[in-house]
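The values are calculated or read from the model by the stated rules, or taken from the named source; none is laboratory data. It should be emphasised that the depicted structure is a prediction, and the values quoted were computed from it without experimental measurement. Cβ sites come from the backbone with ideal geometry, for glycine too, and all protein chains shown count toward neighbours. Heads up: the accessible areas ignore ligands, DNA and RNA and are worked out on the full protein's heavy atoms, side chains in. Shrake-Rupley method; radii C 1.70, N 1.55, O 1.52, S 1.80 Å.
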Amino acid sequence: MTLQSKLDAFKADFEAGKPPYNVPPSVIRTMHRATAELIATGAATRALRAGDRAPAFALNDPEGQPVSSDALLARGPLVISFYRGVWCPYCNTELRALQEALSQFEKLGASLVALSPQTAANSRKSVRQNALEFPILSDPHNAVAAAFGLRFALPDYLVDLYTSLKNDLPAFNGDASWTLPMPGRFVVGQDGVILYAEVNPDYTRRPEPEDMLPALRRAASIPA
């Protein structure tokens, strides 16, 4: 199955209220409203795109060790995936798909990192839960996500819904701001220029890992 087909299958069961989710229709309507409103803002069109220069960053891995984009780019092209957190089932499915594609990236000399605003403890949970072998980095306050044009604030009614569902983002993220990144995937060449960018304000839609391979093949043929 493709990544998107797995996401679609989960979404169908979730929105049908099947066990173990048992989600009432009112919750689904609220989530749909929030997604539609985010799409309508045009926020995704203002995110960085291919041809833009990627902001440099240095963030900590789950063990508190710094990982810098400059150091990774010195070794080869870089795949960057922004995700919402370990609490998001769509994100976990995407992380597992990226793990399955990791060897293809590495054969082309590329590194892969995934960034979320969650705390180190929750990043460790992401690694364990999804059996990941690539760095998961904490992006406090979604600062790097903002530099890529991905950060957005949840509307008050969605904050209320998340609170009622005990989806406590301030606790997950160690940040009271109630912001998230739009899911985004980027390929950055060794010169720091973005070669591939895919951003979707609908968190249930994610690009296939294989979609990045043409950009990585182009990057592999360009000397640093």
Practice prompt. Mind checking which strands (runs of 3 or more DSSP E) fall wholly inside the range 131-211 and carry at least 1 residues that are aromatic (Phe, Trp, Tyr)?
Written response: 151-153, 184-188, 194-199
Response to the item:
Within the range 93-119, the residues that are small (Gly, Ala, Ser), open to solvent by 10 Å² or more (accessible area, probe 1.4 Å) and more than 16 Å from the chain's Cα centre (by Cα) are SER103, GLY109
Practice prompt. Just give me the residues in the range 96-120 being assigned to a helix (DSSP H, G or I) and without any contact (Cβ under 8 Å) to a residue 40 or more places away in the chain, in sequence order.
Written response: ARG96, GLN99, LEU102, SER103, GLU106, LYS107
Worksheet item: Can you tell me which residues in the range 131-166 are within 29 Å of PRO66 (Cβ to Cβ), among the polar types (S, T, N, Q) and open to solvent by 10 Å² or more (accessible area, probe 1.4 Å)?
Response: SER138
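Which residue, of SER123, SER103, is closer than 28 Å to VAL27 by Cα, out of contact with any helix residue (DSSP H, G or I) (no Cβ under 9 Å at 6 or more places or on another chain) and not charged (D, E, K, R)?
Details: SER103 fails: closer than 28 Å to VAL27 by Cα.
One residue alone meets the criteria, SER123.
So which residues in the range 56-92 are without any contact (Cβ under 8 Å) to a residue 40 or more places away in the chain, out of contact with any helix residue (DSSP H, G or I) (no Cβ under 8 Å at 6 or more places or on another chain) and either open to solvent by less than 40 Å² (accessible area, probe 1.4 Å) or not small (Gly, Ala, Ser) (or both), if there are any at all?
Matches in the range 56-92: GLN65, PRO66, SER68, ASP70, ARG75.
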Worksheet entry | Residue list for the range 14-26, filter: assigned to a helix (DSSP H, G or I) and surrounded by 13 or more Cβ atoms within 10 Å (Cβ to Cβ) | PHE14, GLU15
Item to complete: Restricting attention to the range 27-65, report how many residues are farther than 19 Å from ARG185 by Cβ and in a helix (DSSP H, G or I).
Response: 12
Response to the item:
Note on the range 66-88: residues more than 10 Å from LEU137 (Cα to Cα) and either assigned to a loop (DSSP other than H, G, I, E, B) or β-branched (Val, Ile, Thr) (or both) are ALA74, ARG75, GLY76, PRO77, VAL79, ILE80, TYR83, ARG84, GLY85, VAL86, TRP87, CYS88
Worksheet entry | Any hit, the range 146-164, residues being at pLDDT 95 or above, closer than 26 Å to ASP211 by Cα and of a type in the set (Val, Ile, Thr) | no
